[in-house]
Amino acid sequence: MRALTVMFGRPAAMAASIGLAILFLSAGWTALPTRHAPSTLAYRLPDGDPAAGDEAMPVFVLRPDHSTLRAGVARMRMGGRIDVTLYDPSDPELTQESEGLLFNADLRVLWLLASDEERTALRQGIEKLGVGLRDAIDAVLRSPEFNDEYRSVLKDVGRQAIDTAWRHPGTRAAYDDLVRSAEPVLREAIGRDLRGIVMKRAEPMVWDMLSANVGSVFKLFQDQPWNLTPVEQALESIQRDVREQGLVEKTTQRILDSWQAKAFMQTFANNAMDAMVRDPRMRDAVHRLLTDQRLGAYLTPASQPASELARLAPQVLFGVHPQSDLNALAAYIFRSFITGRPGRLVILTSPRQRDQILALDRFAPRPLLYGVPQ
C-alpha cells in the first residue's frame, strides 16, 4: 500500500483499498446462500403446512460418526414446501446424506442424534444419579436434624394441602364425574355377577329357613321371632363367593381404569401440589433445608454420580469435549432454549440414519418427501 501511495498518490491508494475490500466481500458473499439464490434441493411435508410462509431454517448434515455440520439454509414455503440452498452442493459429505428430517429445535434432537453408546452411557449415568439421590434423600429423612426440625412442619403442610385440595371446586367436580361414571359399572356388576352368586345361595337359604322355623310356621298366633340363622349363613357364603371370584377387585379395577378416575386423581394431585407451593411454611422449610449445612454430609451418595453426569451430559448432548468448541447444531438449539423461541431446523441423513432415528421416536422428526427445485 505504501508503494501504491508513492506511485499513484493517496487517492489512488484509497481507491485500490476499497476495490480490494469489495472484491473480498463479493467472494465471501457468493460462497454463502442468499435469500434469492436458487434452491439446491426441494422437499415437502407429507401433510403440508398451510400456516408456514417463507420461514428460514438452518440445515445440518449428520455424519456417520453422529457429528453434525452446518450445510445450508432452508425456507418453508406455503403449503409445506421446503427449499434447501446448500453452501457447497459438491461437498462429499452430502453424497449419502440426502434424506430430510424436520425437527423442532429442542433438546430432544440432541438425544436422538447421539450414538447408541452415548445414549446408553447417559441413561446409565441418570440411573446412577437416581439411585444416589434416593439413598441421599433416605439418609436425610432418617437424620435427627430432619426429624427434630422439619418433619412435623412438613406433615402439617401435607395434611393441610390434602384438605384444601379435597375442598377445591375442581376436585369436587372431578369426584362427582367419577361417581356418576361408576354407577353403570356397579349396576352391571350387581346385575350380572352378584345376582348369579345370590341366586345360587337363595334356594338353599329358603329351605334352610323352612327347616329352622317349621315350628313357627304352624304357630301363627304366637309372637315368636323367626330363626334367621340360615340368612346369616347365606350372607357369609355370598361374601365368601364374592371374595373367591374377586368381584370387588374386578369392579374396582374397572372403575379405576376409567378416564374419570385418572382425571380425578390428576386434578386432586395438581390442587394438592398447588396448595403446598402456596403455603409459606413450605417455602420457609425448603429454604432452610437447602441452606442447612448439617444435611450436606447426608448427600454424599449423590455427589459422585452427579459429578459424572455433569461431565458426561455436555459431551453427549452438546458435543463439548476437551479442546473442542460447541458444535453448530447444539449452539443453535441452546440459543433457542435460552431465548424461548424454539423454531425449526432440517437435518440431512442417510436412509439408515433416518430409520434409526424414527425407530427411537416416530413423532419428533417429520420425514420430508422429495420435491422438484424451482
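Only the coordinates and a few stated rules stand behind these numbers; no lab work does. Computed from a predicted structure; not experimentally measured. Cβ: placed from backbone, ideal geometry, glycine included. Neighbour counts: every protein chain shown.
Take each peptide in 99-106, 154-161, count the other Cβ atoms within 10 Å of every residue, and average; sorted highest first, the result is 99-106, 154-161. With the charge dipole of the range 127-188 set up from +1 on Lys and Arg Cβ and -1 on Asp and Glu Cβ about the Cα centre, the Cα lying farthest toward the positive end among the listed residues 171, 140, 181 is that of 181. If you take all other residues with their beta carbon under 14 Å from the beta carbon of residue 292, and give Lys and Arg +1 and Asp and Glu -1, the sum is -1. Net charge near residue 182: determine it from the other residues with C-beta under 12 Å of the C-beta of residue 182, scoring Lys and Arg +1 and Asp and Glu -1. Summing Lys and Arg as +1 and Asp and Glu as -1 gives -2.
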